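Trainee: One structure is given below, represented as C-alpha coordinates, and several questions about it will come after.
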Amino acid sequence: MRATTSHRRMAIAALSAMSFMALSPVVGGGVAFAADANAAKAPKKLSAAKKKAAAKKRLLAGRDKRCREAATKRKLSFPQYRACLKNGKPARQSDATRTITKTVEKIVEKQVPGPAAPPAAPGKKAKNIILMIGDGMGVTHIDAARQRYYGAAGQLNMEKFPTLGTVSTYAVEPGSAKPNYVTDSASAATAWSSGVKTYNAALGVDAKGSVVPTLMELAKQAGFRTGNVSTAEITDATPAGQMSHALARGCQGPVYSTKACQDLEITGEELPTSDVRVTPIADQIARNGTADVILGGGLGRFDASDETALKQQGYAVLGSVAGQVPATKTDLAAAGGKKVFGLFNKGNLTVEKTKQENPSAPEAQEPSLPEMTRKAISLLGDKSSKGKGFYLQIEGALIDKRSHANDAAQTLEEIKA
(Lines give C-alpha, C1' and ligand atoms only; values in the text may rest on other atoms or scores of the structure.)
Protein backbone atom coordinates (compact mmCIF):
# COMPACT_ATOMS: atom_id res chain seq x y z
CA MET A 1 0.00 0.00 0.00
CA ARG A 2 2.99 2.30 -0.14
CA ALA A 3 2.52 4.65 -3.06
CA THR A 4 4.76 6.00 -5.81
CA THR A 5 4.21 9.55 -7.10
CA SER A 6 1.92 8.26 -9.85
CA HIS A 7 0.11 6.10 -7.32
CA ARG A 8 -0.43 9.17 -5.11
CA ARG A 9 -2.06 11.07 -7.98
CA MET A 10 -4.29 8.10 -8.71
CA ALA A 11 -5.20 7.73 -5.03
CA ILE A 12 -6.14 11.41 -4.68
CA ALA A 13 -8.18 11.28 -7.91
CA ALA A 14 -9.97 8.16 -6.71
CA LEU A 15 -10.80 9.78 -3.39
CA SER A 16 -12.45 12.68 -5.16
CA ALA A 17 -14.66 10.29 -7.13
CA MET A 18 -15.57 7.74 -4.45
CA SER A 19 -17.41 7.83 -1.15
CA PHE A 20 -16.22 5.40 1.49
CA MET A 21 -18.17 4.22 4.49
CA ALA A 22 -16.44 4.65 7.84
CA LEU A 23 -15.58 1.62 9.92
CA SER A 24 -15.11 3.70 13.02
CA PRO A 25 -14.78 7.23 14.32
CA VAL A 26 -11.45 8.98 14.30
CA VAL A 27 -9.32 9.16 17.42
CA GLY A 28 -11.21 10.49 20.42
CA GLY A 29 -14.57 8.78 19.97
CA GLY A 30 -16.05 10.74 17.10
CA VAL A 31 -15.42 12.75 13.98
CA ALA A 32 -13.52 15.83 15.06
CA PHE A 33 -14.03 19.13 13.27
CA ALA A 34 -12.91 22.61 14.27
CA ALA A 35 -15.63 25.22 14.61
CA ASP A 36 -15.16 28.96 14.25
CA ALA A 37 -15.67 30.35 17.75
CA ASN A 38 -16.64 33.73 16.30
CA ALA A 39 -19.00 32.36 13.66
CA ALA A 40 -22.13 33.41 15.56
CA LYS A 41 -20.91 36.97 16.18
CA ALA A 42 -21.63 39.85 13.79
CA PRO A 43 -20.84 43.57 13.96
CA LYS A 44 -23.61 45.78 15.38
CA LYS A 45 -23.83 48.10 12.36
CA LEU A 46 -23.97 46.40 9.00
CA SER A 47 -25.24 47.12 5.55
CA ALA A 48 -28.15 45.02 4.27
CA ALA A 49 -25.76 42.83 2.29
CA LYS A 50 -23.47 42.35 5.26
CA LYS A 51 -26.44 41.60 7.52
CA LYS A 52 -27.56 38.93 5.07
CA ALA A 53 -24.05 37.48 4.95
CA ALA A 54 -23.82 37.52 8.75
CA ALA A 55 -27.18 35.78 9.04
CA LYS A 56 -25.99 33.11 6.62
CA LYS A 57 -22.81 32.72 8.63
CA ARG A 58 -24.79 32.24 11.83
CA LEU A 59 -27.00 29.70 10.07
CA LEU A 60 -23.96 27.78 8.88
CA ALA A 61 -22.38 27.93 12.35
CA GLY A 62 -25.49 26.42 13.90
CA ARG A 63 -25.64 23.85 11.14
CA ASP A 64 -21.98 23.01 11.67
CA LYS A 65 -22.62 22.43 15.39
CA ARG A 66 -25.57 20.11 14.71
CA CYS A 67 -23.61 18.21 12.08
CA ARG A 68 -20.57 17.80 14.33
CA GLU A 69 -22.78 16.49 17.13
CA ALA A 70 -24.45 14.09 14.70
CA ALA A 71 -21.07 12.96 13.36
CA THR A 72 -19.90 12.12 16.88
CA LYS A 73 -23.14 10.50 18.05
CA ARG A 74 -24.01 8.60 14.89
CA LYS A 75 -20.42 8.00 13.72
CA LEU A 76 -21.08 9.53 10.31
CA SER A 77 -18.45 9.30 7.61
CA PHE A 78 -16.72 12.45 6.37
CA PRO A 79 -18.80 12.56 3.13
CA GLN A 80 -21.98 12.29 5.26
CA TYR A 81 -20.79 15.21 7.40
CA ARG A 82 -20.23 17.30 4.27
CA ALA A 83 -23.70 16.37 3.04
CA CYS A 84 -25.13 17.46 6.39
CA LEU A 85 -23.51 20.89 6.05
CA LYS A 86 -24.94 21.23 2.56
CA ASN A 87 -28.48 20.01 3.27
CA GLY A 88 -28.96 21.35 6.77
CA LYS A 89 -29.80 18.05 8.40
CA PRO A 90 -27.78 15.00 9.41
CA ALA A 91 -27.74 12.14 6.93
CA ARG A 92 -28.52 8.66 8.12
CA GLN A 93 -25.80 6.09 8.11
CA SER A 94 -26.08 3.59 5.32
CA ASP A 95 -27.29 0.17 6.40
CA ALA A 96 -23.86 -1.26 5.63
CA THR A 97 -22.05 1.38 7.70
CA ARG A 98 -24.45 0.96 10.60
CA THR A 99 -24.06 -2.83 10.52
CA ILE A 100 -20.25 -2.65 10.52
CA THR A 101 -20.22 -0.06 13.33
CA LYS A 102 -22.52 -2.14 15.53
CA THR A 103 -20.57 -5.31 14.79
CA VAL A 104 -17.25 -3.73 15.80
CA GLU A 105 -18.81 -2.31 18.99
CA LYS A 106 -20.16 -5.73 19.92
CA ILE A 107 -16.83 -7.42 19.29
CA VAL A 108 -15.05 -4.88 21.49
CA GLU A 109 -17.66 -5.41 24.23
CA LYS A 110 -17.33 -9.20 23.74
CA GLN A 111 -21.08 -9.55 23.43
CA VAL A 112 -20.91 -11.78 20.36
CA PRO A 113 -18.15 -14.05 19.00
CA GLY A 114 -17.93 -12.31 15.61
CA PRO A 115 -19.68 -10.58 12.72
CA ALA A 116 -23.22 -11.56 11.80
CA ALA A 117 -23.56 -14.21 9.10
CA PRO A 118 -24.26 -13.16 5.50
CA PRO A 119 -27.83 -13.25 4.14
CA ALA A 120 -27.20 -16.75 2.76
CA ALA A 121 -27.30 -18.16 6.31
CA PRO A 122 -30.12 -16.39 8.18
CA GLY A 123 -30.30 -16.92 11.91
CA LYS A 124 -26.72 -18.17 12.18
CA LYS A 125 -23.48 -16.57 13.33
CA ALA A 126 -20.07 -17.04 11.79
CA LYS A 127 -17.87 -19.29 13.90
CA ASN A 128 -14.63 -18.67 12.02
CA ILE A 129 -13.47 -15.37 10.52
CA ILE A 130 -10.95 -15.20 7.67
CA LEU A 131 -9.72 -11.77 6.58
CA MET A 132 -8.00 -11.95 3.18
CA ILE A 133 -5.98 -8.93 2.09
CA GLY A 134 -4.46 -8.22 -1.31
CA ASP A 135 -1.88 -5.61 -0.36
CA GLY A 136 -1.94 -2.66 -2.74
CA MET A 137 -4.70 -4.31 -4.78
CA GLY A 138 -7.25 -1.93 -6.29
CA VAL A 139 -10.25 -2.28 -8.59
CA THR A 140 -8.03 -2.05 -11.67
CA HIS A 141 -6.01 -5.04 -10.42
CA ILE A 142 -9.21 -7.01 -9.93
CA ASP A 143 -10.48 -6.09 -13.40
CA ALA A 144 -7.18 -7.13 -14.98
CA ALA A 145 -7.05 -10.48 -13.16
CA ARG A 146 -10.67 -11.27 -14.01
CA GLN A 147 -10.12 -10.65 -17.71
CA ARG A 148 -6.75 -12.45 -17.73
CA TYR A 149 -7.97 -15.68 -16.11
CA TYR A 150 -11.76 -15.81 -16.49
CA GLY A 151 -12.71 -13.40 -19.26
CA ALA A 152 -14.85 -10.27 -19.19
CA ALA A 153 -18.00 -12.22 -18.25
CA GLY A 154 -16.25 -14.26 -15.53
CA GLN A 155 -15.77 -13.65 -11.83
CA LEU A 156 -12.95 -14.01 -9.35
CA ASN A 157 -13.89 -15.86 -6.17
CA MET A 158 -13.67 -12.61 -4.20
CA GLU A 159 -16.42 -11.18 -6.42
CA LYS A 160 -18.81 -14.05 -5.64
CA PHE A 161 -19.32 -13.27 -1.95
CA PRO A 162 -22.94 -12.51 -0.97
CA THR A 163 -21.91 -9.20 0.61
CA LEU A 164 -19.31 -6.76 -0.70
CA GLY A 165 -18.32 -3.34 0.64
CA THR A 166 -15.50 -0.87 1.15
CA VAL A 167 -13.87 0.75 4.16
CA SER A 168 -11.82 3.93 4.27
CA THR A 169 -8.24 3.50 5.45
CA TYR A 170 -6.87 7.01 4.89
CA ALA A 171 -4.22 8.19 7.32
CA VAL A 172 -4.17 11.34 9.46
CA GLU A 173 -1.41 13.78 10.29
CA PRO A 174 0.55 12.98 13.49
CA GLY A 175 -1.24 14.12 16.65
CA SER A 176 -4.38 15.23 14.83
CA ALA A 177 -7.48 14.16 12.93
CA LYS A 178 -6.44 16.03 9.78
CA PRO A 179 -6.69 13.56 6.85
CA ASN A 180 -3.62 12.46 4.95
CA TYR A 181 -5.17 10.94 1.84
CA VAL A 182 -2.07 9.03 0.72
CA THR A 183 -1.89 6.22 3.25
CA ASP A 184 0.73 3.55 3.73
CA SER A 185 0.32 -0.09 4.74
CA ALA A 186 0.93 0.60 8.44
CA SER A 187 -1.77 3.22 8.99
CA ALA A 188 -4.13 1.24 6.75
CA ALA A 189 -3.53 -1.96 8.75
CA THR A 190 -4.15 -0.05 11.98
CA ALA A 191 -7.41 1.32 10.57
CA TRP A 192 -8.94 -2.13 10.08
CA SER A 193 -7.19 -3.96 12.94
CA SER A 194 -7.75 -1.33 15.64
CA GLY A 195 -10.54 0.85 14.27
CA VAL A 196 -8.70 4.17 14.53
CA LYS A 197 -7.11 6.51 12.04
CA THR A 198 -3.42 7.06 12.63
CA TYR A 199 -0.35 8.55 10.96
CA ASN A 200 1.69 6.84 8.25
CA ALA A 201 4.22 4.30 9.62
CA ALA A 202 2.31 3.77 12.89
CA LEU A 203 1.18 0.30 13.97
CA GLY A 204 -1.29 -0.42 16.76
CA VAL A 205 -1.13 3.15 18.09
CA ASP A 206 -3.41 6.13 17.52
CA ALA A 207 -2.44 9.49 16.04
CA LYS A 208 -1.02 10.59 19.41
CA GLY A 209 1.03 7.44 19.86
CA SER A 210 -1.17 5.76 22.47
CA VAL A 211 -1.46 1.96 22.29
CA VAL A 212 -4.80 0.68 20.97
CA PRO A 213 -5.92 -2.98 21.02
CA THR A 214 -5.99 -4.96 17.80
CA LEU A 215 -8.81 -7.19 16.59
CA MET A 216 -6.54 -10.23 16.84
CA GLU A 217 -5.67 -9.38 20.45
CA LEU A 218 -9.37 -9.02 21.28
CA ALA A 219 -10.17 -12.29 19.52
CA LYS A 220 -7.44 -14.04 21.51
CA GLN A 221 -8.74 -12.59 24.78
CA ALA A 222 -12.26 -13.73 23.87
CA GLY A 223 -11.12 -17.34 23.48
CA PHE A 224 -10.66 -17.57 19.71
CA ARG A 225 -7.76 -19.36 18.06
CA THR A 226 -5.73 -16.93 15.95
CA GLY A 227 -3.49 -17.05 12.88
CA ASN A 228 -1.46 -14.72 10.69
CA VAL A 229 -0.24 -15.67 7.20
CA SER A 230 1.67 -13.46 4.74
CA THR A 231 3.90 -13.72 1.70
CA ALA A 232 5.85 -10.74 3.10
CA GLU A 233 8.08 -10.64 6.14
CA ILE A 234 5.78 -11.40 9.06
CA THR A 235 7.13 -8.23 10.72
CA ASP A 236 5.99 -6.11 7.76
CA ALA A 237 3.16 -3.61 8.22
CA THR A 238 0.07 -5.65 7.31
CA PRO A 239 0.72 -8.78 9.40
CA ALA A 240 2.41 -6.78 12.17
CA GLY A 241 -0.65 -4.52 12.42
CA GLN A 242 -2.51 -7.35 14.17
CA MET A 243 0.30 -8.46 16.50
CA SER A 244 2.31 -5.40 17.54
CA HIS A 245 2.35 -1.77 18.62
CA ALA A 246 5.05 0.44 17.12
CA LEU A 247 5.62 4.16 16.66
CA ALA A 248 7.49 3.36 13.43
CA ARG A 249 7.00 0.35 11.15
CA GLY A 250 10.74 0.19 10.48
CA CYS A 251 11.33 -1.03 14.05
CA GLN A 252 11.30 -4.68 12.98
CA GLY A 253 14.48 -6.24 14.35
CA PRO A 254 16.68 -8.01 15.04
CA VAL A 255 18.91 -5.16 16.24
CA TYR A 256 17.37 -2.34 18.26
CA SER A 257 17.74 0.99 16.50
CA THR A 258 16.85 4.29 18.13
CA LYS A 259 16.31 5.87 14.72
CA ALA A 260 14.06 3.05 13.55
CA CYS A 261 12.01 2.75 16.74
CA GLN A 262 11.71 6.18 18.36
CA ASP A 263 9.56 9.07 17.13
CA LEU A 264 10.22 12.25 19.08
CA GLU A 265 7.65 14.16 17.02
CA ILE A 266 4.97 11.97 18.58
CA THR A 267 6.29 11.33 22.11
CA GLY A 268 8.25 14.52 22.70
CA GLU A 269 11.01 12.54 24.39
CA GLU A 270 12.94 9.34 23.91
CA LEU A 271 11.12 6.36 25.43
CA PRO A 272 12.88 3.64 27.46
CA THR A 273 13.63 0.44 25.59
CA SER A 274 11.18 -1.38 27.87
CA ASP A 275 8.25 0.50 26.29
CA VAL A 276 6.44 -1.83 23.89
CA ARG A 277 6.13 0.95 21.30
CA VAL A 278 9.90 1.00 20.77
CA THR A 279 10.42 -2.75 21.16
CA PRO A 280 11.35 -4.39 17.84
CA ILE A 281 8.29 -5.96 16.21
CA ALA A 282 10.01 -9.36 15.94
CA ASP A 283 10.57 -9.39 19.71
CA GLN A 284 6.90 -8.55 20.30
CA ILE A 285 5.62 -11.27 17.95
CA ALA A 286 7.91 -13.90 19.48
CA ARG A 287 6.78 -13.14 23.01
CA ASN A 288 3.19 -11.87 23.11
CA GLY A 289 1.47 -15.03 21.82
CA THR A 290 -1.14 -13.01 19.91
CA ALA A 291 -1.17 -15.44 16.95
CA ASP A 292 -1.21 -19.21 17.45
CA VAL A 293 -0.18 -19.93 13.86
CA ILE A 294 2.37 -17.68 12.14
CA LEU A 295 3.44 -18.45 8.56
CA GLY A 296 5.34 -16.24 6.13
CA GLY A 297 8.74 -14.68 5.48
CA GLY A 298 11.14 -12.54 7.51
CA LEU A 299 13.35 -15.13 9.21
CA GLY A 300 16.20 -12.60 9.15
CA ARG A 301 14.27 -10.39 11.57
CA PHE A 302 14.42 -13.02 14.34
CA ASP A 303 17.33 -14.42 16.37
CA ALA A 304 18.14 -17.26 18.75
CA SER A 305 16.51 -15.54 21.75
CA ASP A 306 13.27 -15.27 19.78
CA GLU A 307 13.34 -18.99 19.01
CA THR A 308 13.84 -19.74 22.71
CA ALA A 309 10.92 -17.49 23.64
CA LEU A 310 8.66 -19.17 21.07
CA LYS A 311 9.48 -22.67 22.23
CA GLN A 312 8.90 -21.70 25.86
CA GLN A 313 5.35 -20.74 24.86
CA GLY A 314 4.76 -24.09 23.17
CA TYR A 315 5.31 -23.20 19.52
CA ALA A 316 6.56 -25.80 17.07
CA VAL A 317 9.29 -23.82 15.27
CA LEU A 318 9.83 -24.98 11.68
CA GLY A 319 13.32 -24.74 10.23
CA SER A 320 15.87 -23.05 12.48
CA VAL A 321 15.62 -19.46 13.66
CA ALA A 322 18.91 -19.62 15.56
CA GLY A 323 20.69 -21.14 12.57
CA GLN A 324 18.81 -18.93 10.08
CA VAL A 325 17.63 -21.96 8.09
CA PRO A 326 14.27 -21.23 6.43
CA ALA A 327 11.52 -23.82 6.72
CA THR A 328 10.22 -25.59 3.60
CA LYS A 329 6.83 -26.68 2.30
CA THR A 330 7.76 -30.21 3.38
CA ASP A 331 8.23 -28.95 6.95
CA LEU A 332 4.87 -27.22 6.73
CA ALA A 333 3.06 -30.31 5.49
CA ALA A 334 4.38 -32.30 8.47
CA ALA A 335 3.65 -29.62 11.07
CA GLY A 336 1.11 -30.21 13.80
CA GLY A 337 0.06 -28.94 17.21
CA LYS A 338 -1.83 -25.94 18.49
CA LYS A 339 0.99 -23.43 17.92
CA VAL A 340 3.17 -23.32 14.80
CA PHE A 341 5.79 -20.77 13.74
CA GLY A 342 7.16 -21.18 10.23
CA LEU A 343 9.16 -18.68 8.17
CA PHE A 344 10.20 -19.80 4.69
CA ASN A 345 12.57 -17.05 3.56
CA LYS A 346 14.91 -14.63 5.30
CA GLY A 347 13.05 -11.81 3.56
CA ASN A 348 9.82 -11.72 1.57
CA LEU A 349 8.65 -14.95 -0.06
CA THR A 350 9.36 -15.55 -3.75
CA VAL A 351 6.78 -14.62 -6.36
CA GLU A 352 4.83 -17.53 -7.85
CA LYS A 353 5.93 -16.95 -11.43
CA THR A 354 9.61 -17.12 -10.48
CA LYS A 355 9.12 -20.41 -8.60
CA GLN A 356 7.26 -21.90 -11.56
CA GLU A 357 10.06 -20.96 -13.93
CA ASN A 358 12.84 -22.21 -11.58
CA PRO A 359 11.51 -25.44 -10.02
CA SER A 360 14.97 -26.63 -8.95
CA ALA A 361 15.87 -23.43 -7.07
CA PRO A 362 15.82 -23.45 -3.23
CA GLU A 363 13.07 -20.80 -3.33
CA ALA A 364 10.81 -23.31 -5.09
CA GLN A 365 10.63 -25.15 -1.75
CA GLU A 366 8.65 -22.29 -0.28
CA PRO A 367 4.94 -23.06 0.13
CA SER A 368 2.46 -21.08 -1.91
CA LEU A 369 -0.09 -18.75 -0.34
CA PRO A 370 -2.91 -21.31 -0.90
CA GLU A 371 -0.76 -24.02 0.72
CA MET A 372 -0.05 -21.88 3.78
CA THR A 373 -3.71 -20.91 3.97
CA ARG A 374 -4.97 -24.49 3.84
CA LYS A 375 -2.49 -25.52 6.54
CA ALA A 376 -3.38 -22.59 8.78
CA ILE A 377 -7.10 -23.41 8.52
CA SER A 378 -6.35 -27.06 9.27
CA LEU A 379 -4.28 -26.20 12.36
CA LEU A 380 -6.69 -23.58 13.70
CA GLY A 381 -9.80 -25.60 12.98
CA ASP A 382 -8.56 -28.78 14.65
CA LYS A 383 -11.54 -30.12 16.61
CA SER A 384 -9.28 -31.14 19.45
CA SER A 385 -8.80 -27.45 20.29
CA LYS A 386 -12.47 -27.21 21.39
CA GLY A 387 -12.40 -23.43 21.01
CA LYS A 388 -15.04 -20.92 19.98
CA GLY A 389 -13.63 -20.72 16.49
CA PHE A 390 -10.73 -18.89 14.91
CA TYR A 391 -9.73 -15.54 13.45
CA LEU A 392 -7.21 -15.76 10.60
CA GLN A 393 -5.63 -12.93 8.59
CA ILE A 394 -4.10 -13.83 5.22
CA GLU A 395 -2.11 -11.35 3.14
CA GLY A 396 -1.12 -11.59 -0.50
CA ALA A 397 1.70 -9.09 -0.05
CA LEU A 398 3.52 -9.52 -3.33
CA ILE A 399 0.68 -7.94 -5.34
CA ASP A 400 1.87 -4.61 -3.95
CA LYS A 401 5.55 -5.32 -4.31
CA ARG A 402 5.30 -6.38 -7.97
CA SER A 403 2.97 -3.46 -8.72
CA HIS A 404 5.69 -1.10 -7.50
CA ALA A 405 7.94 -2.68 -10.13
CA ASN A 406 5.24 -2.35 -12.84
CA ASP A 407 5.57 -6.12 -13.29
CA ALA A 408 2.15 -7.02 -14.72
CA ALA A 409 2.78 -10.75 -15.30
CA GLN A 410 3.90 -11.51 -11.75
CA THR A 411 1.33 -9.13 -10.23
CA LEU A 412 -1.48 -11.05 -11.94
CA GLU A 413 -0.07 -14.40 -10.76
CA GLU A 414 -0.10 -13.10 -7.19
CA ILE A 415 -3.69 -11.85 -7.50
CA LYS A 416 -4.73 -15.26 -8.75
CA ALA A 417 -2.99 -16.93 -5.79
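The values are calculated or read from the model by the stated rules, or taken from the named source; none is laboratory data. The structure presented is a predicted model; accordingly, all values stated were derived computationally and were not measured. FYI the Cβ positions are ideal-geometry reconstructions off the backbone, even for glycines, and counts take in every protein chain you see. Side chains included, ligands, DNA and RNA excluded: accessible areas come from the protein's heavy atoms. Shrake-Rupley method; radii C 1.70, N 1.55, O 1.52, S 1.80 Å.
Trainee: Please enumerate the residues belonging to region 143-178 that are touching a strand residue (DSSP E or B) at 6+ places or on another chain (Cβ under 8 Å), among the aliphatic types (A, V, I, L, M) and farther than 24 Å from S378 by Cα.
Mentor: Those that are touching a strand residue (DSSP E or B) at 6+ places or on another chain (Cβ under 8 Å), among the aliphatic types (A, V, I, L, M) and farther than 24 Å from S378 by Cα: A171, V172.
Trainee: Among what's in region 337-368 and is touching a strand residue (DSSP E or B) at 6+ places or on another chain (Cβ under 7 Å) and closer than 23 Å to G381 by Cβ, pick the residue that is modelled with the lowest pLDDT. Give the steps one after another, and end with the answer.
Mentor: Taking region 337-368 first, the residues touching a strand residue (DSSP E or B) at 6+ places or on another chain (Cβ under 7 Å) are 337, 339-345, 347-349.
When the remaining residues are screened for being closer than 23 Å to G381 by Cβ, the result is 337, 339-344.
On the way: G337: 94, K339: 97, V340: 98, F341: 98, G342: 98, L343: 98, F344: 98.
Taking the candidates together, the pick is G337.
Trainee: Can I ask one more? Return the residue satisfying two criteria in turn: it lies in region 101-159 and is open to solvent by 80 Å² or more (accessible area, probe 1.4 Å) and closer than 19 Å to S403 by Cα, and of such residues it is modelled with the lowest pLDDT. Lay out the reasoning, then the answer.
Mentor: First, the residues of region 101-159 that are open to solvent by 80 Å² or more (accessible area, probe 1.4 Å): 102, 106, 108-111, 119-120, 122-125, 127, 132, 139-140, 147-148, 150, 152-153, 155, 157.
Retained after the next criterion (residues that are closer than 19 Å to S403 by Cα): 132, 139-140, 147-148.
Details: M132: 92, V139: 88, T140: 92, Q147: 95, R148: 95.
This residue is V139.
Trainee: Checking the condition within 17 Å of the chain's Cα centre (by Cα), part of a helix (DSSP H, G or I) and surrounded by 20 or more Cβ atoms within 10 Å (Cβ to Cβ), which residue from A207, A186 passes?
Mentor: Every option except A186 fails the conditions.
Trainee: Consider G195 against the criteria (1) open to solvent by 40 Å² or more (accessible area, probe 1.4 Å); (2) at pLDDT below 95: it satisfies all of them except one. Which criterion is unmet?
Mentor: That leaves (1) as the condition not met.
Trainee: I've got another one for you. For region 345-387, which residues satisfy the criterion of being in a loop (DSSP other than H, G, I, E, B) and open to solvent by 80 Å² or more (accessible area, probe 1.4 Å)?
Mentor: Within region 345-387, K346, P359, S360, K386 meet the criteria.
Trainee: Could you run through region 264-286 and say how many residues are open to solvent by 20 Å² or more (accessible area, probe 1.4 Å) and touching a residue at least 60 places away in the same chain (Cβ under 8 Å)?
Mentor: 4
Trainee: Within region 160-183, restricting attention to residues that are polar (S, T, N, Q) and open to solvent by less than 60 Å² (accessible area, probe 1.4 Å), which residue is nearest to K208 (Cα to Cα)?
Mentor: So the residue we want is S176.
Trainee: Here's a follow-up. Taking the criterion of being assigned to a loop (DSSP other than H, G, I, E, B), surrounded by 15 or more Cβ atoms within 10 Å (Cβ to Cβ) and of a type in the set (A, V, I, L, M), would at least one residue in region 306-325 satisfy it?
Mentor: yes
Trainee: Related question: Filter region 287-297 for residues that are of a type outside the set (G, A, S) and in a loop (DSSP other than H, G, I, E, B); which is surrounded by the most Cβ atoms within 10 Å (Cβ to Cβ)?
Mentor: Filtering region 287-297 for residues that are of a type outside the set (G, A, S) and in a loop (DSSP other than H, G, I, E, B), the one surrounded by the most Cβ atoms within 10 Å (Cβ to Cβ) comes out as D292.
Trainee: For the subset of region 130-172 comprising residues that are of a type in the set (F, W, Y) and assigned to a loop (DSSP other than H, G, I, E, B), which member is nearest to L203 (Cα to Cα)?
Mentor: Y170
Trainee: Please go through region 251-286 and pick out each residue that is closer than 21 Å to G319 by Cα and in a helix (DSSP H, G or I).
Mentor: I281, A282, D283, Q284, I285, A286
Trainee: Of all residues in region 154-183 being farther than 24 Å from E265 by Cα and hydroxyl-bearing (S, T, Y), which is farthest from the chain's Cα centre (by Cα)?
Mentor: Among residues in region 154-183 that are farther than 24 Å from E265 by Cα and hydroxyl-bearing (S, T, Y), the one farthest from the chain's Cα centre (by Cα) is T163.
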